[in-house]
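As structure tokens, the structure follows; a few thoughts come after it.
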Amino acid sequence: MRAAVVAVGDELLDGRVTDTNSSMLAGKLSQLGVEVVLAQVIGDSLDAVVRGIRDAVELADVVLVTGGIGPTADDRTREALAVLTGRVLVEDAASWAAIRAIFDSRGLEVPESNRQQALCPEGATVLVNHTGTAPGFCVDIDDVRVFVMPGVPSEARRMFDDEVAPQLDVGSTSHTETLCFGGVSESLLGGMLQRYLSEGGAVRVGITSSWGLLRVTARADTKRALDDVISEIRSAGKRWFVGTGYRELEDLVAERAIASATTLAVAESLTAGLATARLGRVAGISSVLLEGVVTYSNASKTSRLGVSEQTLSEHGAVSEQCAREMAEGLARTSDAGLAASATGIAGPSGGSDAKPVGLVWLATTLDGTTETRERRYGPVGRDIIRNRAASDLLLMMLQRLLP
């Protein structure tokens with residue numbers, strides 16, 4: 001099965017909003033073994049939406065559209081599907097009742113403009129929106145199934161999982177598996193897997209990189225062919241292998257910690273809670289995550305974590321010694337099985353020749369043993385430095401949890 005993803009919205013084209021729906025849907029489709037052949041962003045004009053969906057229909061067996069089904073005049077995806085199917089828009093009574101119920105539950109009067117959200121092409125199948133006011137729908141165009149979902153990422157994600165995925169006939173799709181590797185560059189791992197990355201083979205292999213994690217995804221028409229290549233790839237990269245599936249670092253950390261019943265605590269300085277917040281996104285993390293503390297100032301590092309004033313005076317807050325004492329102090333006060341810390345210089349000011357912007361020290365303490373790691377990202381920008389540091393801290397935690 002081949003799929004196309006179309007994201008609708010002027011705000012996506014002019015940079016006001018980042019399109020996260022396309023990558024989210026592409027990832028979910030890939031996990032189901034569906035090949036994504038197109039992902040495109042189009043504007044709000046009726047002509048653009050009609051043309052974009054028509055192009056997608058010509059390339060794919062199934063098309064997923066997000067956006068353009070809100071309550072305002074510039075939401076034209078419904079109208080575009082009416083044009084493409086040659087059907088009139090009709091009001092779905094159940095959808096309108098659900099919209100009214102949402103406003104009633106909030107003690108609000110429903111604006112008449114929201115009524116257009118209950119419209120869909122005649123004969124369409126309505127997709128229930130469990131988290132918002134915009135129901136989706138699906139129609140067939142030239143034997144291609146087109147699913148229309150809201151542009152709000154959380155609503156699109158829930159609707160895909162609950163309403164769209166169960167309707168996809170993936171029985172005849174290719175077999176897919178993803179392996180995750182950490183602590184290795186894309187160029188190094190890619191070089192080792194070069195023969196698998198060439199086009200034309202029975203197994204198609206690709207590498208994606210995201211904040212410290214490399215995902216190698218292999219697709220094949222037969223399970224046997226896939227298993228053989230996956231085994232070889234895992235063996236070639238066994239030094240850096242950290243898990244399977246199309247997941248994030250925080251998912252892998254949580255999985256390992258929960259499986260081993262290892263409690264976690266995180267102390268962050270320059271990242272100011274980024275790593276802890278990412279862990280907090282994972283369902284079930286409350287069973288192992290004890291606490292996350294932001295110790296930004298030297299005084300906080302001393303009073304909360306027990307970092308000695310002598311360490312701060314002689315080595316500074318951005319040092320191996322400070323990172324070590326932060327992790328060990330947190331392990332002691334939280335009684336966590338694994339405690340982690342991050343301290344560094346995010347910039348753009350504050351650097352020196354000895355300690356330049358982008359210098360970061362990380363530490364983890366597990367069962368009384370502490371490991372430290374230095375990272376030098378360079379002056380690549382404050383947000384990038386902080387996000388890389390958070391990712392590397394999660395990776396370090398994951399590696400400590402691996403058997």
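No lab work stands behind these numbers, since they all come straight from the coordinates. Worth saying up front: this structure is predicted, and the values here are computed from it rather than measured. All Cβ positions, even for glycine, are placed from backbone atoms using ideal geometry, and neighbour counts span all protein chains on display.
Computed from the Cα positions only, the extents of the chain along the three principal axes stand at 76, 57, 41 Å, in decreasing order. Starting from one equal scatterer on each C-alpha and no solvent at all, send me the Debye-based log10 I(q)/I(0) for region 293-356 at q = 0.12, 0.14, 0.24 Å⁻¹, two decimals. Relative scattering, expressed as log10 I(q)/I(0), comes to -0.29, -0.39, -1.00. Exposed loop sites, defined as GluC sites (Glu not before Pro) outside DSSP H, G, I, E and B with at most 11 other Cβ atoms within 10 Å, are absent from the longest region of the chain, namely 200-403.
Considering only the other residues whose Cβ falls under 14 Å of the Cβ of T222, what net charge follows from Lys and Arg at +1 and Asp and Glu at -1?
0
Under a Gaussian network description of the chain, with springs only between Cα atoms under 10 Å, the residue in V17, V360, V88 that fluctuates furthest is V17.
For region 40-120, the list of trypsin sites (Lys or Arg not before Pro) that fall in a loop by DSSP and count at most 12 other C-beta atoms within 10 angstrom reads R106. A simple charge model with +1 on the Cβ of Lys and Arg, -1 on the Cβ of Asp and Glu and nothing else charged puts the dipole of region 150-298 at about 440 debye relative to its Cα centre.
Okay, helix-only estimate at 222 nm for the chain: each DSSP H run of n ≥ 4 adds -39500 (n - 2.57), divide by all residues, round to 500 deg cm²/dmol; what do you get? Mean residue ellipticity at 222 nm (helix-derived): -11000 deg cm²/dmol.
The alpha-carbon of K301 sits under 28 angstrom from the alpha-carbons of these lysines, leaving out residues fewer than 8 places away in its chain: K355.
Using a Förster distance of 45 Å, how high is the FRET efficiency between R332 and T20, based on the Cβ-Cβ distance and rounded to 0.05? Each step should come with its number before you reach the end.
Details: r = 40 Å, r/R0 = 0.88.
About 0.70, to the nearest 0.05.
Label positions at T131 and A261, each projected 7 Å from the Cα along the C-beta direction, are separated by 3.3 nm.
Dipole magnitude of region 357-403 about its Cα centre, charges +1 at Lys/Arg Cβ and -1 at Asp/Glu Cβ only, in debye to the nearest 20?
Charge dipole of region 357-403: 200 debye, to the nearest 20.
Angle of helix 21-31 to the longest C-alpha principal axis of the chain, folded into 0 to 90 degrees and rounded to 10: 90°. For I384 and S105, the difference between the fully extended length at 0.36 nm per residue and the C-alpha to C-alpha distance is 96.3 nm.
Counting Lys and Arg as +1 and Asp and Glu as -1 over every other residue whose Cβ lies under 11 Å from the Cβ of S209, the net charge comes to 0.
For the chain, modelled as a Gaussian network with Cα springs under 10 Å, which listed residue fluctuates most, K28, K301, K223? For the chain, modelled as a Gaussian network with Cα springs under 10 Å, the answer is K223. Normalised by the number of residues in region 2-167, the mean separation of alpha-carbon contacts (under 8 Å, six or more apart) gives a relative contact order of 23 percent.
Among the DSSP beta bridges whose two residues both lie in the chain, what percent are antiparallel, rounded to the nearest 5? Given both bridge residues lie in the chain, the antiparallel proportion sits at roughly 60 percent. Any lysines with Cα under 20 Å of the K28 Cα? List them, leaving off those in the same chain fewer than 8 positions away. Partners within reach: K223. For the chain, the longest principal axis of the C-alpha atoms and the axis of helix 46-59 are separated by about 80°.
Computed over the chain with a Gaussian network model linking Cα atoms closer than 10 Å, the most mobile of T131, T176, T343 is T131. Taken over the alpha carbons of region 2-167 as equal point scatterers, the Debye sum produces base-10 log I(q)/I(0) values at 0.12, 0.15 Å⁻¹ of -0.48, -0.76. Once the convex hull of all Cα atoms in region 175-243 is built, its volume per residue stands at 73 Å³. If R0 is 35 Å, the Cβ-Cβ spacing of S113 and A299 corresponds to a FRET efficiency of close to 0.10. Computed extension gain for E291 through D10, at 0.36 nm per residue and net of the alpha carbon distance, reaches 97.1 nm. Give me the log10 of I(q) over I(0) for region 103-246 at q = 0.20, 0.21 Å⁻¹, as the Debye formula computes it from C-alpha points; what are the numbers? For region 103-246 at q = 0.20, 0.21 Å⁻¹, log10 I(q)/I(0) is -1.12, -1.18. Take the Cβ atoms of S308 and D161, set R0 to 45 Å, and the FRET efficiency comes out at 0.35. What you get for region 1-114, charging only the Cβ of Lys and Arg (+1) and of Asp and Glu (-1), is a dipole of about 320 debye around the Cα centre. Pairs of Cα atoms under 8 Å, at least six residues apart: use those to get the relative contact order of the chain, whole percent. Over the chain, the number comes to 11 percent. Computed from the Cα positions only, the extents of region 254-388 along the three principal axes stand at 44, 31, 22 Å, in decreasing order.
Extension gain, D228 to D92, is 43.9 nm, computed as 0.36 nm per intervening residue step minus the present C-alpha separation.
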